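Single-structure report; data block below.
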Amino acid sequence: MTRSTPPLAALEALPLPKIDRLDLVTVRLPFVAPFGTSVHVWTDKEAMLLRLESGGVAAWSECVSDPDPFYFYETNGTARHILVEFLLPLLEPGLPLGELAARFGRVRGHGMAKATVENGLLVLIALQKGLPLHELLGFPAKEIMSGLSIGLKDSVADLLAAVERAEARGYHRIKMKIKKGQDVEWVRAVRERFPELRLMVDANGDYALSDAARLKRLDDFDLMMIEQPLSYSDIYEHSLLQKELKTPLCLDESIHAAADAAAAIALGACRIINIKQGRVGGLMESIRIAGYCADRGVDVWSGGMDETGIGRAVNIHLQTAPGFTLPGDTSETSVYFDEDIAEPPVVLGPAGFIRIPEGPGLGVRVVPERILRRALRWERLR
Ligand code: OSB
Ligand code: MG
């Protein structure tokens, strides 16, 4: 039953290093352009970073929550609360990572806060062993597929221009955001202009089951999938909708853990799953879900939270795991930031692929001056 399930046991057995110093730093980076969705328009990235230091080695990790609860219930504020009061006090030198995950299990939900710690520890251990993160996870390097998420635009002309730029750049697939009243005609315009494009849409939960007839019209456009058309917490109604549609549904917001993926698959609520490592509680749960889905013929891809170079690199390493068969929301840094806090930026290679950053840990270098310049808050916890 667990054919593709990779050896998580090796990761669960890793002993925690002794943490000499712990810092939480909140940075704000302006976006190159506002990012519009059916739930909110973001104009900058406010990210909470965790810095773990052990024996002179420092690892950075990014909490993927936003300052607001418009996409997901966790916020930078709730994540800070959960980290400081409940998760970080559970760290203990020598404790196996799997036992830490079990201790974290007592805290219900708050996957983004949990992921911040688990991912940071994995990066720290990788750095200490001199291994690239993907190698510590147990997966060989490979070229990572690219994908771009295009936000809601003010006009069809703007949308077509954005798609044209992305297509010329070589992205492997393009996702466009939709919302009620900005859907069928907008998708039609893109499809007519780009008949061959690998195209999908993301509604971020804007529709109700009573909109099924409208959503069914999207079947005409050969979309790879429709992401989270119905409510952010729903699985059941997606299963009813999927029966009505030819186009595969993909769940994002509704999937918080392997158990949700199992329920969604059993109910036929989707044929594809978007795994955001933060939303599901970290790299290990992401690998578990991807393996579970692979065993059942369900494709998965890595979502994104318009992360800085730290979270972006985590998503890239994750995609070496078995099961990540589709291009994800892994785009070039320049789509979001003129200047990131990590180097080098993500760029697309000639065939649209992304190379895994080389070197131990994430393979990217966090630039301290840039963090200092962008820091809203710097809190030393230990
Ligand atoms: O629904 O996938 C989403 C960004 C923020 C919140 C939710 C979503 C997104 C994206 C952008 O679509 C993905 C990215 O480029 O990182
Ligand atoms: Mg989504």
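Observations
- Of all residues in segment 325-346, those satisfying the criterion of being open to solvent by 10 Å² or more (accessible area, probe 1.4 Å), closer than 14 Å to Gly363 by Cα, more than 11 Å from ligand 1 (Cβ to nearest atom) and part of a loop (DSSP other than H, G, I, E, B) are Pro344, Pro345.
- Candidates Glu237, Glu185, Glu227 - the one that is touching a residue at least 24 places away in the same chain (Cβ under 8 Å), under 26 Å from Met305 (Cα atoms) and open to solvent by 20 Å² or more (accessible area, probe 1.4 Å): Glu237
- Residue within segment 41-53 that is more than 16 Å from ligand 1 (Cβ to nearest atom) and either surrounded by fewer than 18 Cβ atoms within 10 Å (Cβ to Cβ) or in a helix (DSSP H, G or I) (or both) present: yes
- Any helices (runs of 4 or more DSSP H) falling wholly within segment 60-157 and containing at least 3 residues that are in contact with a His (Cβ under 8 Å, 6 or more places away or on another chain) and on the phi < 0 side of the Ramachandran plot: 76-82, 133-137
- Taking segment 144-171 as the range and being within 26 Å of His317 (Cα to Cα), away from ligand 2 (no atom under 16 Å from the Cβ), within 24 Å of the chain's Cα centre (by Cα) and not basic (Lys, Arg) as the test, the residues that pass are Ile144, Met145, Ser146, Ala166, Glu167, Gly170, Tyr171.
- A single entry from Arg382, Arg355, Arg288, Arg373 fulfils the requirement of being more than 16 Å from ligand 2 (Cβ to nearest atom), over 26 Å from Gly138 (Cα atoms) and touching a residue at least 40 places away in the same chain (Cβ under 8 Å): Arg382.
- Exclusive hit being among the acidic types (Asp, Glu) and under 30 Å from Lys18 (Cβ atoms), set Glu196, Glu135: Glu135
- Gly111 meets all of the listed conditions (1) touching a residue at least 12 places away in the same chain (Cβ under 8 Å); (2) surrounded by fewer than 16 Cβ atoms within 10 Å (Cβ to Cβ); (3) within 16 Å of ligand 2 (Cβ to nearest atom) but one, namely (2).
- Check on Asp252, within 16 Å of ligand 2 (Cβ to nearest atom), open to solvent by 40 Å² or more (accessible area, probe 1.4 Å) and not assigned by TED's automatic domain parsing to the domain that holds Ala10: no
The values are calculated or read from the model by the stated rules, or taken from the named source; none is laboratory data. Only a predicted model underlies this, so the values are computations on that prediction, with no experimental measurement involved. So basically every Cβ, Gly included, is an ideal-geometry build from the backbone, and we count neighbours across all protein chains shown. Remember, those area values only see protein heavy atoms, side chains included, never the ligands or the DNA or RNA. Shrake-Rupley method; radii C 1.70, N 1.55, O 1.52, S 1.80 Å.
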